[in-house]
Amino acid sequence: MPTISEKILAKKAGLKCVEPGQIVEAEVDFVMLNDVTGLPAFEVYEKNFSTFQPLIDKIILIPDHYVPNKDVRSAEQARSMRNFASRHHINNYFEVGRGGVCHQVMIESGFVAPGRLIVGADSHTCSYGALGAFSTGIGSTEAACAMASGKLWFRVPETQKIVVEGKPKQYVMGKDIILNVIGDLGVSGSLYKTMEWYGSTINSLPLADRITISNMAIEAGAKAGIIPPDDTVFKFLKGRVRGNYTPVYSDKDAEYADVFEYDSSEMEVTVAEPFLPENAKPASEVDVTIDQAYLGSCTNGRIEDMRAAAQILKGRKVHQNVRMIVVPASTEVQRRMVEEGLMEIFIKAGAYVAGPTCGACLGGYMGVLADGEVCVSTTNRNFVGRMGHKNSRVYLANPYVVASSAITGRITDPNDLR
Amino acid sequence: MKLTGRVWKFGDNVDTDQIIPAVYLTTGDPRELGRHAFEFARPDFVKKIKRGDIIVAGKNFGSGSSREHAPRALMGAGVSCVIAKSFARIFFRNSVNIGLPLIEASIECEEGDVLVVDLSKGTIKNKRTGEVIGFQNFPEFLMQLMKKGLVNYTKEHLKRRK
Ligand code: SF4
């Protein structure tokens, strides 16, 4: 009996049922592109499809990686997106100052909803699974093709069922849950598969934490990371979602490739050591001096993450040897930070607060690391050279840990903060 | 189709940040990207690569970012195909769509060995050892796509619709 992925793909392919391994051509609801993956896609489009009108209602263009333009080349890259949008009258273009990191904007702006099939030319497009959508990352050439035809080929994935029960300890967030699971399954443990999440822990998690979990499904190699939608999701979507949607759930007797069970009450506040997200370890066991603390990205740059870090930083100071860099994931998050007084807490603590961008998450700008430097970061990847010099080191962690470490100058479990 | 080339060996989990560092993501041009392939991870790669060379890697090749710049950079640098135990899925899609041949196989070889890959027969021969191994080709739809490219496939589809 079908899983969520199988049901969504079957419906969008106009088939009664599909099986894992089958290749289908399915109609997508939306195609998202950012400034980096956009440029090659626009080139492919203009070269090959210029006689066809793009499906403008399906296209969403969000510059975020190298905007505000970091140099002349990125300025030209960003302009190619702006030009493409205006040439083809694409309304869903989110200019600097009215957007932010693509995945956050997609969710905030109501494009994401249960049962939808969404592709994005960015690997963390899997984030939208937190709202019950089947969403996955694609490349630029296929994004161009999907803009023209509205269709793409998919290999129907096997599904892994991941059940997380129990009440998490203090300061354990969605980030710690996903780091522990990736630590267990490994960075290719879910290759080509969908992770479907269940259990009392997942049900009680706020949407922000669920998005963190779905966001990092790709870090286990997964194609999608889907959480069955519930009231938390429906409430969030009220007054926000564009169009109608129909939630999709797996059948009771759905067939899973594997079932994994975890007890979140046993999980510690966790960091992933360089150079793979699977190198999960309790934060309290890591004794490392840091140069930078980075709070932001599509993984943990939401208002809930800002609140968590601000709760730790309030009335405290960032260590003299540390730069703390705070990058809200969207203009909306930034606006709320101002409203709630979080901006003031960060600035008084001695942190640098930037506007929304991908920034240093991918080693772009706004906090790139020098040779040998160490950063504790709320982002999702700690690959060699990901945030700068190839000899720099990135430790992945939740916002509490990043804020606590910023204060002490060493990687710190917030439970150990005096 | 037969491909002959020297082996460049890599381990598990070669990510797209290694294949093409993010600082070069301001162009989509394969040749220009190819000049920076593995620039930080293996600086000798672009200096010594010869057109037709073959990458042989472990598990999860091409993990990480969705950047199509990665297979474009490899093609631009002259890589004729990549043989790995497994591929990360977006890298896999991108390569199929733009026509960089991928082979899922586990083979014994050393850096610099010369391999002869027969894509239609599904065999890889190591010229040094004489060993020949077979591999399973991808489903017909993907093999066609790899040959034709997704752009041409989509064009045909659109013309039919018109
Ligand atoms: S914030 Fe980081 S992970 Fe998220 S889209 Fe931007 S570069 Fe990618």
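Just so it is clear, none of the values below were taken in a lab; they were calculated from the coordinates. Because the structure is a prediction, the values reported are computed rather than measured. No Cβ is skipped: glycine too gets one built from the backbone with ideal geometry, and neighbour counts run over all protein chains shown.
Structure notes:
- Packing order of peptides A:115-123, A:399-407, A:198-206, highest average first: A:399-407, A:115-123, A:198-206 (average count of other Cβ atoms within 10 Å over each peptide's residues).
- Given charges at beta-carbon only (K, R positive; D, E negative), |dipole| of region A:116-230 in Debye: 140 debye
- Summed side-chain charge close to A:A13 - residues other than A:A13 whose Cβ falls under 15 Å, Lys, Arg +1, Asp, Glu -1: +2
- Cα gyration tensor, region A:136-213 - rounded (a/c under 1.5), prolate or oblate: prolate
- Peptide A:144-154 has a mean shielding of 4, counted as Cβ atoms of other protein chains within 10 Å of each residue's Cβ.
- Region A:4-261: relative contact order in percent, alpha carbon pairs under 8 Å with at least 6 residues between: 24 percent
- Converting phi to 3J(HN,Hα) with the Karplus coefficients 6.51, -1.76 and 1.60 and the offset θ = phi - 60°, region A:150-165 yields x, 10, 8, 8, 9, 8, 5, x, 5, 10, 9, 9, 10, 10, 10, 10 Hz in sequence order, with x at every glycine or proline.
- The shape of the protein assembly as shown comes out rounded: with a ≥ b ≥ c from the C-alpha gyration tensor, a/c is under 1.5.
- Proximal lysines to A:K317, defined as alpha-carbon separation beneath 23 angstrom and excluding residues fewer than eight positions away on the same chain: A:K348
- Phi-based couplings in Hz for region A:272-286 (Karplus 6.51, -1.76, 1.60; Gly and Pro marked x): 9, 6, x, 10, 9, x, 7, 7, 7, 8, x, 4, 5, 9, 9
- Counting Cβ atoms of other protein chains within 10 Å of each Cβ in A:383-393 and taking the mean gives 4.
- Residue by residue along B:71-79, Cβ atoms of other protein chains within 10 Å of the local Cβ number 1 on average.
- Amide H within-cut-off set for A:Y294, under 5 Å, with H built and near neighbours excluded: A:I325, A:V376, A:S377, A:T378
- Charge dipole magnitude, Cβ of K and R +1, D and E -1 - chain A, Cα centre, debye nearest 20: 1140 debye
- Ranking B:L74, B:L150, B:I54 by Cα position along the charge dipole of chain B, where only Lys, Arg, Asp and Glu carry charges on their C-beta atoms, puts B:L150 farthest toward the positive end.
- Environment charge at A:N34 (Cβ cut-off 10 Å; Lys +1, Arg +1, Asp -1, Glu -1): -3
- Of all beta bridges that DSSP places with both ends in chain A, some 20 percent have antiparallel geometry.
- Region B:78-151-region A:279-357 distance, computed between alpha-carbon centres (Å): 45 Å
- Shape call, region A:336-418: gyration tensor on alpha carbons, a/c limit 1.5: oblate
- Residue-by-residue Karplus 3J(HN,Hα) for region A:112-121, coefficients 6.51, -1.76, 1.60, Hz, glycine and proline x: 8, 8, x, x, 7, 10, 10, 10, x, 7
- Overall, region B:4-162 carries a charge dipole of about 780 debye about its Cα centre when +1 sits on the Cβ of Lys and Arg and -1 on the Cβ of Asp and Glu, all other atoms neutral.
- Distance violations [Cα-Cα > 19 Å] among A:K7/A:K151; B:K2/B:K147; A:K12/A:K223; A:K175/A:K252; A:K16/A:K58; A:K47/B:K50: A:K175/A:K252; A:K16/A:K58; A:K47/B:K50
- Cβ-based charge dipole, region A:270-416, positive-most Cα from A:Y294, A:Y395, A:M337: A:M337
- Mean separation of Cα contacts under 8 Å, 6 or more apart, over the residue count of region B:2-161: relative contact order %: 24 percent
- Counted by Cβ distance under 12 Å from A:T201, the other residues give a net charge of -3, where Lys and Arg count +1 and Asp and Glu count -1.
- Here the residues A:V172, A:V394, A:V338, ranked from fewest to most Cβ neighbours within 10 Å of their Cβ, fall in the order A:V338, A:V172, A:V394.
- Peptides A:65-76, B:86-97 ordered by average Cβ neighbours within 10 Å, highest first: B:86-97, A:65-76
- Region A:173-222-region A:101-158 distance, computed between alpha-carbon centres (Å): 18 Å
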